[in-house]
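Visitor: This is the structure I want to talk about, given as structure tokens.
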Amino acid sequence: MRIGVMPGMERSRRGLDDLVAQARDLESRGFATLWLPQVFGLDAVTTAAVLGRETERIEIGSAVVPTQPRHPAALAQQALTAGVSCGGRFTLGIGLSHPVVIESLFGLSYARRARHMREYLEVLSPLLRGEPASCSGEEFRVELRLDVPGIQPVPILLAALGDRMLALAGRRAAGTILWMTGPRTIESHIAPKLRAAARETGGPDPRIVAGYQIALTGDPQAVRARLAGPMAAYRRLPSYRAMLDKEGIADPTDLALVGDERDLDAALDRLRDLGVSDLEAVPVGGRDGTAERTLAYLESRLPAARS
């Protein structure tokens, strides 16, 4: 299982220079990936292009770009540019986001999501392989080829929680990227349906990138209390609420990986044994140095994680 890091939101607000420094630091420590959130600050794909020019080995990915606000051809052009800048180390994570974001904030439609994503991938996927796109759908009608010098194919990870999105991720993408999804749900719901869809196409095993808040601590209750406020909103988002229900938990903070080294070792080993290909670790911040201690712990796991 490869181990990567997504900066905490409070850290990502410090600006581009800070992210460049962090990318260099994570690469020097040997981390496999750096995941960039797409919220309402720095643009993840543009930032990836910058970080790609400042690093040499680490994979850089978006986690994740909502599809509705961006035409697939425009996103493809941007992602291919980032792919060139990263020297083939950029992975594009995309997803449907949530009604409160797409409808209430952007004023766009959240209807017929499966059709939207099918057509979106029909345009996006070939363009990211350097091939022409041809789509005559209800939402997109595209006949286009892009000409990006030094093109590097860009793999797609589709944020997939429901059955139809998991089928699309398995058939039309390199895998899925998850948030608010516990190990029991990965084992019983995500992994089998994703892999079954991938087998239909005869493709390789799909990636399962699982994101979790993580903290090396002797006081798990204090850390979960610190997370309670920021994570409370996830209970009100229908897609995440469904994953919490599948996991059999009510409190999103119960998904966080918190505890001493033995606790964290057991949690990471379980994820690896379930077939999670990539850990997207979000170290919990704080003035007590928890984030740095957690990062050092994750670094200590890197040799074992390569197996």
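Just so you know, all these numbers are worked out from the coordinates, no wet-lab data involved. Bear in mind that the values here come from a model prediction, so they are computed numbers and not experimental data. Every residue, glycine among them, receives a Cβ derived from its backbone with ideal geometry; neighbour counts consider all protein chains shown.
Visitor: Helix 261-273 against the longest principal axis of the chain: what's the angle in degrees, Cα atoms only, rounded to the nearest 10?
Guide: Taking the Cα atoms of the chain, the angle to 261-273 is about 30 degrees.
Visitor: For Gly137, which sequence-distant residues (separation of 5 or more, or a different chain) have an amide H within less than 5 Å of its own amide H, given hydrogens modelled in the peptide plane?
Guide: Val142
Visitor: In addition: Which three extents, in whole angstrom, do the alpha-carbon atoms of segment 195-294 cover along their principal axes, largest first?
Guide: 49, 30, 19
Visitor: Step through the residues of segment 32-49 one at a time and calculate ³J(HN,Hα) from phi using the Karplus curve (6.51 cos²θ - 1.76 cosθ + 1.60, θ = phi - 60°), rounding each to whole Hz and writing x for Gly and Pro.
Guide: The phi angles translate into 7, 9, 10, 9, 10, x, 10, 10, 10, x, 4, 6, 5, 6, 4, 4, 4, 4 Hz.
Visitor: Between Arg129 and Val148, 0.36 nm times their residue separation minus their Cα-Cα distance comes to what? Working shown, then result.
Guide: Working: separation 19, 0.36 × 19 = 6.84 nm, distance 1.12 nm.
Extra length available between Arg129 and Val148 comes to 5.7 nm.
Visitor: Simple spin-label model, 7 Å along Cα-to-Cβ: Asp273 to Asp219 in nm?
Guide: In this crude spin-label approximation the distance works out to 3.2 nm.
Visitor: Right, here's the next one. Could you order peptides 121-127, 145-151 by the average number of other Cβ atoms within 10 Å of their residues, highest first? The partial results should precede the final answer.
Guide: Numbers: 121-127: 22.0, 145-151: 12.3.
In decreasing order of mean packing, 121-127, 145-151 become 121-127, 145-151.
Visitor: For the chain, what does -39500 (n - 2.57) per DSSP helix run (n ≥ 4), summed and divided by total residues, give at 222 nm, in deg cm²/dmol to the nearest 500?
Guide: Details: 12 runs with 129 residues, N = 307.
Calculated from helices alone, the mean residue ellipticity at 222 nm is -12500 deg cm²/dmol.
Visitor: From zero outward in steps of 20 Å, how is the percent of C-alpha pairs of the chain spread across the bins?
Guide: Going from the shortest bin to the longest, the percentages are 33, 61, 6.
Visitor: Distance between Cα centroids, segment 227-244 to segment 96-151: provide it in whole Å.
Guide: 27 Å
Visitor: So who's got an amide H within less than 5 Å of the one on Leu178, skipping anything under 5 residues away but keeping other chains? H placed 1.01 Å off N, in plane.
Guide: Val209, Ala210, Gly211
Visitor: Of Pro230, Gly95, Gly289, which is farthest towards the positive pole of the chain's charge dipole, taken about the Cα centre with +1 and -1 on the beta-carbons of Lys, Arg and Asp, Glu respectively?
Guide: Of the options given, the answer is Gly95.
Visitor: Treat every Asp and Glu Cβ in the chain as -1 and every Lys and Arg Cβ as +1, leave all other atoms uncharged, and give the resulting dipole magnitude about the Cα centre to the nearest 20 debye. Please report the intermediate quantities before stating the final value.
Guide: Working: 38 positive and 37 negative charges, 112 e Å.
With only Lys, Arg, Asp and Glu charged at Cβ, the dipole is about 540 debye.
Visitor: Peptides 25-32, 134-141, 44-51: what's the order by average Cβ count within 10 Å, highest mean first?
Guide: On the way: 25-32: 16.9, 134-141: 13.9, 44-51: 22.4.
Result, highest mean Cβ count within 10 Å first: 44-51, 25-32, 134-141.
Visitor: Would you mind calculating the relative contact order of the chain from Cα pairs under 8 angstrom and at least 6 residues apart, reporting the percent as a whole number? Can you show the working numbers first?
Guide: Working: 563 pairs, mean separation 56.0, N = 307.
Computed over the chain, the figure is 18 percent.
Visitor: OK, next. In degrees from 0 to 90, rounded to the nearest 10, what is the angle of the helix 220-231 Cα long axis to the longest principal axis of the chain?
Guide: Approximately 30 degrees, to the nearest ten.
Visitor: I'd like the Karplus ³J(HN,Hα) series for segment 134-141: coefficients 6.51, -1.76, 1.60, θ = phi - 60°, whole numbers in Hz, and an x wherever there's a Gly or Pro.
Guide: Values per residue, Gly and Pro as x: 9, 9, 10, x, 7, 9, 10, 10 Hz.
Visitor: What's the ranking of 290-299, 167-176 by average number of surrounding C-beta atoms within 10 Å, highest first?
Guide: Details: 290-299: 18.6, 167-176: 23.9.
Top to bottom by mean Cβ count within 10 Å: 167-176, 290-299.
Visitor: While we're looking at this one, here's another question. Projecting each Cα onto the charge dipole of segment 37-118 (Lys/Arg +1, Asp/Glu -1 at the beta carbon, about the Cα centre), which of Gly83, Ser104, Val39 comes out farthest on the positive side?
Guide: Ser104
Visitor: For segment 1-159, give the magnitude of the charge dipole about the Cα centre (Cβ charges: +1 Lys/Arg, -1 Asp/Glu; no others), in debye to the nearest 20.
Guide: Details: 17 positive and 17 negative charges, 51 e Å.
Computed about the Cα centre, the dipole is about 240 debye.
Visitor: Please compute the modelled spin-label separation between Glu299 and Thr46, points set 7 Å along Cα→Cβ, answer in nm with one decimal.
Guide: Distance between label points: 3.2 nm.
Visitor: While we're looking at this one, here's another question. Give me, ordered by chain and number, the residues 5 or more places off Gly259 or on other chains with an amide H under 5 Å from its own placed amide H.
Guide: Residues meeting the amide H criterion: Ala215, Thr217.
Visitor: Once the Cα atoms of helix 191-201 and of the chain are each reduced to a long axis, what angle between those two axes, in degrees from 0 to 90 to the nearest 10, is obtained?
Guide: It is inclined by approximately 30 degrees.
Visitor: Roughly how many debye, to the nearest 20, is the charge dipole of segment 94-177 about its Cα centre, given +1 on each Lys and Arg Cβ, -1 on each Asp and Glu Cβ, and no other charges? Before the final figure, lay out the partial values.
Guide: Details: 10 positive and 9 negative charges, 44 e Å.
It works out to roughly 220 debye.
Visitor: Compute a Gaussian network model of the chain, connecting alpha carbons closer than 10 Å, and tell me which residue from Met231, Met180, Met117 fluctuates the most.
Guide: Looking only at Met231, Met180, Met117, the biggest GNM fluctuation is shown by Met231.
Visitor: Moving on. What percent do you get for the relative contact order of segment 59-155 when only Cα pairs under 8 Å and 6+ apart count?
Guide: Dividing the mean separation by the residue count of segment 59-155 yields 33 percent.
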